[in-house]
Amino acid sequence: MTASRTWTAWSCTVRLTVDDPAVLGAACGALKALMDRVDKAASRFRPDSELSAVNQRAGAMVPVSRLLVDLVDVSLVAASMSGGAVDPTVGAAVVAAGYDQDIDVVRRRAPRPTAPPPVIPGWQQVQLNRKLALIGVPAETALDLGATAKAWTADRAALVLSKRHGCAVLVEIGGDLRAAGEPAAPWVIEVAERQGDPAVAVTLAHGGLTTSTRLARRWETVDGSAHHVIDPRTGRPAEGPYRTASVWAPTAVRANTFSTALVATGEAAVGRLTLAGYPARLVGEDGEVKELAGWPAASRAA
């Protein structure tokens, strides 16, 4: 028997499912506590977050918690793995595109003009002293960990809760899912571009499954519609051939690295995905679906 609970946080749907109903309450409390710690460390929208302090003091090395060290480290690994397609130094570009507050606030306000895209210094310019827990970015640079921190949280929560309670766990935070433990039967997952859209059903027994899309976090500007996935090559919202990408990988962070890269840089990321051999489902700008590397052929409209 499984039990599940759903709530809203980080402007997305959070769902925790366990195969031992007796532990659901405690597991939900632990997930919420972890998400709160990550928010205090890495939120771009909290002026009191550690990430805000790093961005405000760009040009200097800033003392931070071990948690933020881990989160920035993960973002740099993702940047390297993706060939720079998933770059944490796009923060100023995201703001220039209009995403400078929580997405609900951005959508409600009157459309504003977008700013010229800034020069993105590149992830190699981030200074990370793991031993002393110091982080520094170049002047006029801002970090945005949105592409990896959510997936890291899903990974961490699933592994910790499964081990702590001795049961199978499925954590979903927005489009990032992570399964841990040994479920009696694989979890059935509905994969869609946005919540409420037509979906395909696939099974997930272990590892991470993530969906990145240009369709969900969108807002209007005086220059037209914009979204949050930045192409680091241009500093602008991505305009590549794939509007949505879903990827399976051993972890949610790795899956998200590839799904984000595919939306951000299109065909430039397909080669790396092919070498990695991870299954993927890509939706083109015209809605055409392409399935790669063993994406389950039995997937069906849900």
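FYI, it's all coordinate maths here, none of it is from the lab. Computed from a predicted structure; not experimentally measured. Note that each Cβ is placed from the backbone with ideal geometry, even for glycine, and that neighbours are counted across all protein chains shown.
Backbone geometry of the stretch 92-108 corresponds, through the Karplus equation with coefficients 6.51, -1.76 and 1.60 at θ = phi - 60°, to 3J(HN,Hα) couplings of 5, 5, 4, 5, 4, 6, x, 8, 10, 9, 3, 4, 5, 5, 4, 5, 7 Hz, x marking Gly and Pro.
Contact order, relative form, for the chain: 17 percent (alpha carbon pairs under 8 Å, 6 or more residues apart, mean separation divided by residue count). Non-local lysine pairs in the stretch 3-301, meaning eight or more places apart or on different chains, with alpha-carbon distances under 24 Å, amount to 6. Can you work out the FRET efficiency for the pair Thr274 and Asp48, with r the C-beta to C-beta distance and R0 = 45 Å, to the nearest 0.05? Given R0 = 45 Å and the Cβ-Cβ separation, E is 0.55.
Students often check this: by mean Cβ neighbours within 10 Å, which of 260-269, 75-84 ranks highest, and how do the rest follow?
260-269, 75-84
From its DSSP helices (H runs of at least four residues, each -39,500 (n - 2.57)), the chain gives a residue-normalised ellipticity at 222 nm of -9500 deg cm²/dmol.
Projecting the Cα atoms of Pro88, His228, Gln127 onto the charge dipole of the stretch 3-301 (Cβ charges, centred on the Cα centre) puts Gln127 farthest toward the positive pole.
Put a plus charge on the Cβ of each Lys and Arg, a minus charge on the Cβ of each Asp and Glu, and nothing anywhere else: the dipole of the chain about its Cα centre is then about 540 debye.
When the chain is modelled as a GNM with alpha-carbon springs shorter than 10 Å, which of Asp73, Asp144, Asp286 fluctuates the most? With Cα springs under 10 Å in the chain, the top fluctuation among Asp73, Asp144, Asp286 is at Asp286. Is the stretch 3-301 best put as rounded, prolate or oblate by its Cα gyration tensor, with a ≥ b ≥ c the root eigenvalues, rounded for a/c under 1.5, and otherwise prolate when a/b is larger than b/c, oblate when not? Here the stretch 3-301 falls in the oblate category.
Under the rule a/c < 1.5 gives rounded, and otherwise a/b versus b/c splits prolate from oblate, where does the stretch 260-300 land using the Cα gyration tensor? Oblate. When each of the peptides 49-60, 244-255 is scored by the mean number of other C-beta atoms lying within 10 Å of its residues, the order from highest to lowest reads 244-255, 49-60.
Here the Gaussian network model covers the chain, with springs between Cα atoms less than 10 Å apart; of Gly287, Gly91, Gly240, Gly287 fluctuates the most.
Starting from the Cα of Ala293, move 7 Å in the Cα-to-Cβ direction to define the label point; list residues of the stretch 149-183 whose amide nitrogen is under 19 Å from there. Under 19 Å, as judged by backbone N against the label point of Ala293, lie 151-152, 155, 176-179 of the stretch 149-183.
Note on the chain: with a GNM built from Cα contacts shorter than 10 Å, the maximum mean-square fluctuation among Leu134, Leu170, Leu273 falls on Leu134. If you take the square roots of the eigenvalues of the alpha-carbon gyration tensor of the stretch 122-255 and sort them as a ≥ b ≥ c, do you get rounded (a/c under 1.5), prolate (a/b over b/c) or oblate? Note, shape of the stretch 122-255 comes out oblate. Of Ala149, Gln56, Thr8, whose Cα points farthest to the positive end of the dipole of the chain (charges on the beta-carbon: +1 Lys, Arg; -1 Asp, Glu; origin at the Cα centre)? Result: Gln56.
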